[in-house]
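Scroll down for the structure; my scribbles are underneath it.
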Amino acid sequence: MLPRAAAATAVSRIGDPGAIPTIVKMLEENADDDPIVRHAGSLALANTAKVNHLKALAEHPDRAVRIAGVLAARRQASPLIAEFLDDDDVAIVREAARAINDLPVPFLY
């Protein structure tokens with residue numbers, strides 16, 4: 001396992017929201033090149049991100065961070081997954097729609 005992926009996996013077990021900026025930086029630098037790093041980053045975000053963090057991830061300028069954010073929201077079955085439906089990138093919208101379809105996501109209307 002890559003050192004970055006191993007570190008992100010360890011952070012996901014700790015669950016410290018203070019690690020989110022470092023996770024985001026790792027995802028930006030990875031630029032979706034390595035799916036193992038993306039997986040580890042999304043897992044770390046899923047286990048550390050709170051509601052305000054997920055909302056910020058949905059608005060992040062970097063595509064790789066938004067992909068990891070939608071995957072993290074999916075793992076949390078968070079209603080904030082709907083925030084990703086407004087993305088300009090069709091792959092992110094598609095992933096959010098799949099998550100909503102696949103999971104019992106409790107939406108607040």
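Any idea which of 81, 20 is β-branched (Val, Ile, Thr) and in contact with a His (Cβ under 9 Å, 6 or more places away or on another chain)? Checking each option against the conditions leaves just 20. Cβ-Cβ contacts under 7 Å between residues 6 or more apart (or on different chains), taken from a first residue in region 27-49 that is open to solvent by 70 Å² or more (accessible area, probe 1.4 Å) to a second residue that is at pLDDT 95 or above, are listed as 28/62; 28/64; 28/65.
Reported count of residues in region 57-109, each being crowded, with 17+ Cβ neighbours inside 10 Å and of a type in the set (Phe, Trp, Tyr), is 1.
Residues in region 58-75 that are without any contact (Cβ under 8 Å) to a residue 24 or more places away in the chain and part of a helix (DSSP H, G or I): there are none.
The values are calculated or read from the model by the stated rules, or taken from the named source; none is laboratory data. Values in this document were obtained by computation on a predicted structure and should not be read as measured data. FYI the Cβ positions are ideal-geometry reconstructions off the backbone, even for glycines, and counts take in every protein chain you see. Just so you know, the surface numbers come from the protein's heavy atoms only, side chains and all, with ligands and any DNA or RNA stripped out. Shrake-Rupley method; radii C 1.70, N 1.55, O 1.52, S 1.80 Å.
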